[in-house]
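These notes are about the structure you will find just below.
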Amino acid sequence: MASTYTTPKSDLATLEAGLDALDTAPAVERVSAGSILLSRVGPPLVAVILVIVAWQAAAASDLKPDYVLPGPMDVWHSIAQMWLDGTLLGYIWTSLSRGALSFAVSVAIGTPLGLLVARVKPVRAAIGPILSGLQSLPSVAWVPAAIIWFGLTDATIYAVVLLGAVPSVANGLVAGVDQIPPLYLRAGRTIGATGINGVRHVLLPAALPGYLAGLKQGWAFSWRSLMAAELIAKSPDLGTGLGQLMENYRTYSDMSGVLATIILILIVGIGIDLLFFSPLERRALRKRGLLAKS
């Protein structure tokens, strides 16, 4: 005799309640722009204030002479003097334009190189270890060779920056491609996305988080390599960037100017990250559901 199973009413009620909970999405609480700004700007601002207070305390305690450890106000006066002289923006623009151009060329070279290394096994076996080695090599090591090759010209600076940034961009893309689930690639081939179309519509979008990390690291290497090149490759024909400015202050034993230049270099690096790379990262994560919309 066939037996029947009847679902208890309590189980049905529980199931219906669970389905209702799934269907009813919780209301997303809107956060005001002021709260967002406070949460993002507040902690860094507090950290900067604490650093300045500790710096002032160290300067006031006479741990070092004033000409070795100037206070924050002395450094601020150096920056203000450059602004009043009308030279501050020129120094920043010289370095920033060099860094932006070098980074753009690094992306143009590193992206196809990374794709080749990621997708062609013989190329990975031949070039992969070299890229990793180049990424770990300090960029300043290339400066003497670049000076011998190109002399005291802009080509020397650009060569040093490219040798420092291209491996980072390429390795970042390789890491992103390696993390793509194989199902995505099979699905792309099934719908006919092969060759250039596969790279454009499947490979690069799927590898975007790793690729963005590589771009961000590539910019950091570009900026650091540029400062190293400007510090050593110094000539009146090259113009004065931030690295050359810092070396000039060192020559005159002007510690306030040296620290002022270091702060300017730091501000530019942080500003590029906050204005360019961070929004790109948030947008990519938000599209993948990994970042809640505010």
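At a 10 angstrom cut-off on C-beta neighbours, averaged per residue, how do the peptides 278-286, 209-217, 97-105 rank from highest to lowest?
On the way: 278-286: 13.8, 209-217: 21.0, 97-105: 18.2.
Top to bottom by mean Cβ count within 10 Å: 209-217, 97-105, 278-286.
Which number comes out as Rg/Rh for region 132-173 once both Rg and the Kirkwood Rh are worked out on C-alpha atoms? Let's see the in-between values first.
Details: Rg = 10.7 Å, Rh = 10.5 Å.
Rounded to two decimals, Rg/Rh equals 1.02.
Using 0.36 nm per residue of separation minus the Cα-Cα distance, give me the extension gain between M73 and R119 in nm, one decimal.
Numbers: separation 46, 0.36 × 46 = 16.56 nm, distance 5.44 nm.
So the extension gain works out to 11.1 nm.
Is the shape of region 70-287 best called rounded, prolate or oblate, per the rule: a/c under 1.5 gives rounded, else a/b larger than b/c gives prolate, else oblate, with a ≥ b ≥ c the square roots of the Cα gyration tensor eigenvalues? Intermediate values should be presented prior to the final figure.
Working: a/c = 3.11, a/b = 1.93, b/c = 1.61.
Verdict is prolate for region 70-287.
Could you put W223, W83 in order, starting from the residue whose Cβ has the fewest other Cβ atoms within 10 Å? Each step should come with its number before you reach the end.
Working: W223 25, W83 11.
Taking fewest neighbouring Cβ atoms as first place, the list is W83, W223.
None of the figures in this text is laboratory data; all of them are computed from the coordinates on show. Nothing here was measured: the structure is a model prediction, and the numbers come from that model. Note: ideal-geometry Cβ built from the backbone for every residue, glycine included; neighbour counts use all protein chains shown.
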